[in-house]
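Peer 1: Supplied in structure tokens, the structure appears directly below.
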Amino acid sequence: MRDHIAPRVQVFTESVIREMTRLCQQHNGINLAQGFPDFPAPEALKEAACRAVMADVNQYAITWGTPALRDAIAHKARTFNKIPDVDPAKHITVTCGATEAMMAVMLSVITPGDEVVLFEPYYENYGPDAALSEATLRFVPLEGQDFRVNPETLRAAFNSKTRAIIINTPANPCGKVFTREEMQLIADLCQEFDALAITDEIYEYMIYEGEHISMASLPGMADRTVTISGFSKTFAVTGWRLGYAIANETITKAIRKTHDFLTVGAPAPLQEAAITAMGFGQDYYDDLLLKYRSKRDLMFEILTEAGLNPILPQGAYYMMADVSRYGLPDVQFVQRMIETVGVAAVPGTSFYQNKALGAKWVRFAFPKKPETLEAARVRLAKLPEAFATTMV
Ligand code: PLP
């Protein structure tokens, strides 16, 4: 029989993160590869989800999202993100996670051959998203230990074929929080080249340094920005698969159509529960930030002790560490780390198109209980022994 696999699916491979997770399970390791919490979701949320199921909210929700949830998202977009005039009836689509939102957006706005600008290191999903929507990616490396945008390199990536730029702030994997100047520079280029800004703001409440700036809040950008976010990270419910996209009316109509035929809609009872989440007061977000800041500081201390030269992230919940000292490139380093000391992380090359830039990096995720991180400390202390033959 002929192999009937479409070329657009053949150009990307299975997620390296999931592969590391499998290897980690085989070796009974501590999984600091995948970015999900190992602590429970808020009690009030779990109860709200149970109540919704028991109240028979178990059939399809309205395709573009339960009205009360869209109202709550619109309110949050206006007050927290400072996006003007968000109308829940016209501008919001609730999706199965930010993942589906990004896919539905790309499928809705990209004509095959369009160029999309992407900073590297980048969240690995954007590669397959581009392949499936048949976009051509133009990579712009972030520079230095603080992952700065180089204005000349960025400008050189824009041309008449540029349809969009993806901005993930705070960023996975490097923890960069884009500055106001950088956001303004991107906004100016979008306007000059008539391009869209597609933002992924899933870590918007985890900012340790700097401020969260939503592209759609900048003058003239609300109409040409698609803002994506979700519930997975902020409320520790990555398995609920709830996210959303905010866009102008024309683009929203297209996103809703695509979303309808991809998934029909996001889980109805969980959308109901998410309304409860959106009702949490400022103390919830203050407490979230306090806890994540202490996890970040603990992770930094542990990786530094282990000789891994981490970079302190400004936001999100990942930490890049330079593993050069251990004398192996990223993939071999991680494999040996899992097999010998039993800790999993993600090889840096999975976040780079230019593999040479990623080979010294490994990404550790820290949305974990302090005891999980402490257990990793004990194991990582054995790294010098495990790499005795390769260490430089
Ligand atoms: N965007 C970024 C930058 C992420 O790191 C992740 C998860 O790791 C996602 C999106 C996935 O979000 P969701 O669970 O809402 O699909």
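Peer 1: For region 98-133, name all the residues that are in a strand (DSSP E or B), charged (D, E, K, R) and within 15 Å of the ligand (Cβ to nearest atom).
Peer 2: Selection gives GLU120 alone.
Peer 1: Out of region 144-169, which residues are within 16 Å of the ligand (Cβ to nearest atom) and farther than 17 Å from THR225 by Cβ?
Peer 2: Matches in region 144-169: PHE147 only.
Peer 1: If the Cβ limit is 7 Å and pairs must be 6+ apart or interchain, which residue in region 219-238 that is within 11 Å of TYR203 (Cα to Cα) pairs with which residue that is among the aromatic types (Phe, Trp, Tyr) and within 8 Å of the ligand (Cβ to nearest atom)?
Peer 2: LYS233/TYR203
Peer 1: Now, a different point. Can you find a residue that is more than 18 Å from the chain's Cα centre (by Cα) and not hydrophobic (A, V, I, L, M, F, W, C) anywhere in region 193-205?
Peer 2: Yes, there is a match, as at least one residue in region 193-205 is more than 18 Å from the chain's Cα centre (by Cα) and not hydrophobic (A, V, I, L, M, F, W, C).
Peer 1: Name the single residue, out of those in region 139-161 being part of a helix (DSSP H, G or I) and not small (Gly, Ala, Ser), that is surrounded by the fewest Cβ atoms within 10 Å (Cβ to Cβ).
Peer 2: Among residues in region 139-161 that are part of a helix (DSSP H, G or I) and not small (Gly, Ala, Ser), the one surrounded by the fewest Cβ atoms within 10 Å (Cβ to Cβ) is GLU152.
Peer 1: Is it the case, given these coordinates, that GLY35 is at pLDDT below 95, of a type outside the set (Phe, Trp, Tyr) and either within 30 Å of LYS161 (Cα to Cα) or not in a strand (DSSP E or B) (or both)?
Peer 2: Here the answer is yes, as GLY35 does meet what is asked.
Peer 1: Output the residues belonging to region 124-138 that are surrounded by 21 or more Cβ atoms within 10 Å (Cβ to Cβ) and of a type outside the set (Gly, Ala, Ser).
Peer 2: Matches in region 124-138: TYR126, ASP129.
Peer 1: How many of the residues in region 258-269 are out of contact with any Ser or Thr (no Cβ under 8 Å at 6 or more places or on another chain) and surrounded by fewer than 17 Cβ atoms within 10 Å (Cβ to Cβ)?
Peer 2: Count: 2.
Peer 1: Now for a different question. Scan region 340-358 for residues that are at pLDDT 95 or above and more than 20 Å from the chain's Cα centre (by Cα) and jot them down.
Peer 2: Result: THR340, VAL341, GLY342, VAL343.
Peer 1: Another one. For the subset of region 75-97 comprising residues that are buried (at least 20 other Cβ atoms within 10 Å of the Cβ) and small (Gly, Ala, Ser), which member is nearest to the ligand (Cβ to nearest atom)?
Peer 2: GLY97
Peer 1: Between LEU298, LEU290, LEU270, which is more than 18 Å from MET102 (Cβ to Cβ), among the aliphatic types (A, V, I, L, M) and free of Cβ contacts under 8 Å to residues at least 60 places away in the same chain?
Peer 2: The unique qualifying residue is LEU290.
Peer 1: Of a type in the set (A, V, I, L, M, F, W, C), farther than 19 Å from PRO347 by Cα and in contact (Cβ under 8 Å) with a residue 60 or more places away in the chain: does that describe LEU137?
Peer 2: Yes: the conditions hold for LEU137.
Peer 1: Another question, then. Among the residues of region 214-228, is there at least one that is more than 16 Å from the ligand (Cβ to nearest atom) and farther than 25 Å from LYS90 by Cα?
Peer 2: No, that holds for no residue.
Peer 1: Also, I was wondering about something else. Going by the structure shown, is GLU272 modelled with pLDDT of 95 or more, away from the ligand (no atom under 15 Å from the Cβ), in contact with a helix residue (DSSP H, G or I) (Cβ under 7 Å, 6 or more places away or on another chain) and open to solvent by 40 Å² or more (accessible area, probe 1.4 Å)?
Peer 2: Yes.
Peer 1: Go through (1) more than 16 Å from the ligand (Cβ to nearest atom); (2) of a type in the set (Ser, Thr, Tyr); (3) touching a helix residue (DSSP H, G or I) at 6+ places or on another chain (Cβ under 7 Å) one by one and return the number of the condition THR199 breaks.
Peer 2: Going through the list (1) more than 16 Å from the ligand (Cβ to nearest atom); (2) of a type in the set (Ser, Thr, Tyr); (3) touching a helix residue (DSSP H, G or I) at 6+ places or on another chain (Cβ under 7 Å), THR199 breaks only (1).
A quick yes/no check of all residues on (1) more than 28 Å from ARG296 (Cα to Cα); (2) open to solvent by less than 20 Å² (accessible area, probe 1.4 Å):
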| position | (1), (2) |
| --- | --- |
| ILE166 | no, yes |
| LEU196 | yes, yes |
| HIS212 | no, no |
| LEU218 | yes, yes |
| MET221 | yes, yes |
| ARG224 | yes, no |
| THR234 | no, yes |
| VAL237 | no, yes |
| ILE246 | yes, yes |
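Peer 1: Which of the residues spanning region 75-97 are in contact (Cβ under 8 Å) with a residue 40 or more places away in the chain, over 19 Å from PHE261 (Cβ atoms) and part of a helix (DSSP H, G or I)?
Peer 2: HIS75, LYS76, ALA77
Peer 1: Which members of region 174-186 meet the condition of being surrounded by fewer than 21 Cβ atoms within 10 Å (Cβ to Cβ) and of a type outside the set (Val, Ile, Thr)?
Peer 2: Result: ARG180, GLU181, GLU182, GLN184, LEU185.
Peer 1: Condition first: of a type in the set (Gly, Ala, Ser) and crowded, with 17+ Cβ neighbours inside 10 Å. Now tell me which residues in region 353-392 satisfy that.
Peer 2: Residues satisfying the conditions are GLY358, ALA359, ALA365, ALA376, ALA386.
Peer 1: Another one. For region 50-73, give me each residue that is surrounded by 21 or more Cβ atoms within 10 Å (Cβ to Cβ) and not in a loop (DSSP other than H, G, I, E, B).
Peer 2: Scanning region 50-73 gives ALA52, LEU69, ARG70, ILE73.
Peer 1: Residues that are modelled with pLDDT of 90 or more, surrounded by 11 or more Cβ atoms within 10 Å (Cβ to Cβ) and within 15 Å of the ligand (Cβ to nearest atom): does region 8-16 have at least one?
Peer 2: Taking every residue of region 8-16 in turn, none turns out to be modelled with pLDDT of 90 or more, surrounded by 11 or more Cβ atoms within 10 Å (Cβ to Cβ) and within 15 Å of the ligand (Cβ to nearest atom).
The values are calculated or read from the model by the stated rules, or taken from the named source; none is laboratory data. This one's a predicted model, so the numbers in the text were calculated from it and none came from an experiment. Note that each Cβ is placed from the backbone with ideal geometry, even for glycine, and that neighbours are counted across all protein chains shown. With ligands, DNA and RNA removed, areas are computed over all heavy atoms of the protein, side chains included. Shrake-Rupley method; radii C 1.70, N 1.55, O 1.52, S 1.80 Å.
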